[in-house]
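Reading through the structure tokens given below for one structure.
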Amino acid sequence: MADHRKHTPRNSASAPRSGRRKALMGTVWTLATVLVLGGAGAGYVYYKLNGNITSVNINGALGSDRPKNVDNGSMDILVLGSDSRAGQNAKYGTDEGTSRSDTAMVVHVYKGRKKASVVSIPRDTLIRRPVCTKGGETVPAQRLAMFNSAYEVGGPACAVKTVESMTGIRMDHYLEVDFSGFKHLIDQLGGVDITTTQPIHDAKSHLDLEPGQHTLNGEQSLGLVRTRHAVGDGSDLGRIKLQQAFIKALLDQIKSVDLFSSPKKLYDLADTSTKALTTDSELASVNKLRGFAEDLKGIDSKDMHMVTLPVQYDPNDPNRVLPIDTKARQVWRALRWDKPIPASATKGSAGDATGDAGKVVQNP
């Protein structure tokens, strides 16, 4: 495993909470804007927002079995989503009592905090899953496991360990965004403006959009980031393209919201954002999140380079993909050394050959 990372982590403790449905990192940028512009609040508000945050002690769970930190000024964050159908999320499918990571992105924030690269990891990628633990029990390694099974068998810590094993990069932070909280957040923002270039009709995600300009509410936004059958080649790779386009639209929308027009709106956004988040224990307070937010506030959608892990379809199963090892190493090596991802790293990947999925959604 590679030996290159950033600052030394601080130890803290907090218990995980299971059964949370996660969505996208746009919620994190919303919270960043709220905390930076509106301040952390005082008294009851500070206490209330702190109490909303759920955290996971990744450092305690993984100990020293991680890539080494090297201080090069960059920051890497694993943003994860899971497909739990428990609680309020039961309407989106049958609750089978387990969760898998439905959305996974490695967010690399470059030194200087002016730009970021985002690498989406397809959930159906077959990888070598390392030994993990769950409830004190050891879960053996598996040579060809679907990426999204790591969260299922060992929760957030196993997901982080798997990503670190794949990349050789230590994740500085871990973030999850709750499904229901994501919807409420979009509604409180007043929706997200997008332009579609073709119809999207997906019975599974309950989304019906004609070509043209739209302001998506929370339910429609959720449908868009879950859509796969109605765009491109109908695969998860096409859905990733939609998710990436939506994130950029959401970031642009956040910048246009007048957070000072209503103190109640400012508080409601902060309340919803903190309720929606699960973080590593190093970020589990409003003050720590505000410091994190300061690092992100200068990054606009135009400053984000979004790619998909270079993969090819598995010749033994067209519903699975395999990393293209030589190209994947190019991606992770670039991030490890805080460099831009070279275009050659993603050229020829199945993720860049998903029909017209990447052109379905445009920012207005």
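The values are calculated or read from the model by the stated rules, or taken from the named source; none is laboratory data. It should be emphasised that the depicted structure is a prediction, and the values quoted were computed from it without experimental measurement. As a convention, Cβ positions derive from the backbone with ideal geometry for all residues, glycine included, and neighbour counts pool all protein chains shown. The accessibility values were calculated without ligands, DNA or RNA, using every heavy atom of the protein model including side chains. Shrake-Rupley method; radii C 1.70, N 1.55, O 1.52, S 1.80 Å.
Here are a few things to note about the model shown:
- Note on residue 338: accessible area is roughly 30 Å² with a 1.4 Å probe, heavy atoms of protein only.
- Partner lysines whose Cα lies under 24 Å from the Cα of residue 114, excluding those fewer than 8 positions away in the same chain, are identified as 6, 241, 248, 255, 288, 297, 302, 339.
- Three-way shape label, region 276-319, alpha-carbon gyration tensor, a/c 1.5: oblate
- Solvent exposure, largest accessible area first (probe 1.4 Å, DNA, RNA and ligands not counted), of 332, 337: 337, 332
- Residue 208 versus residue 287: modelled label distance in nm, points set 7 Å from Cα along the beta carbon direction: 5.2
- Solvent exposure ordering (accessible area, 1.4 Å, most first) of 329, 226, 290, 129: 329, 290, 226, 129
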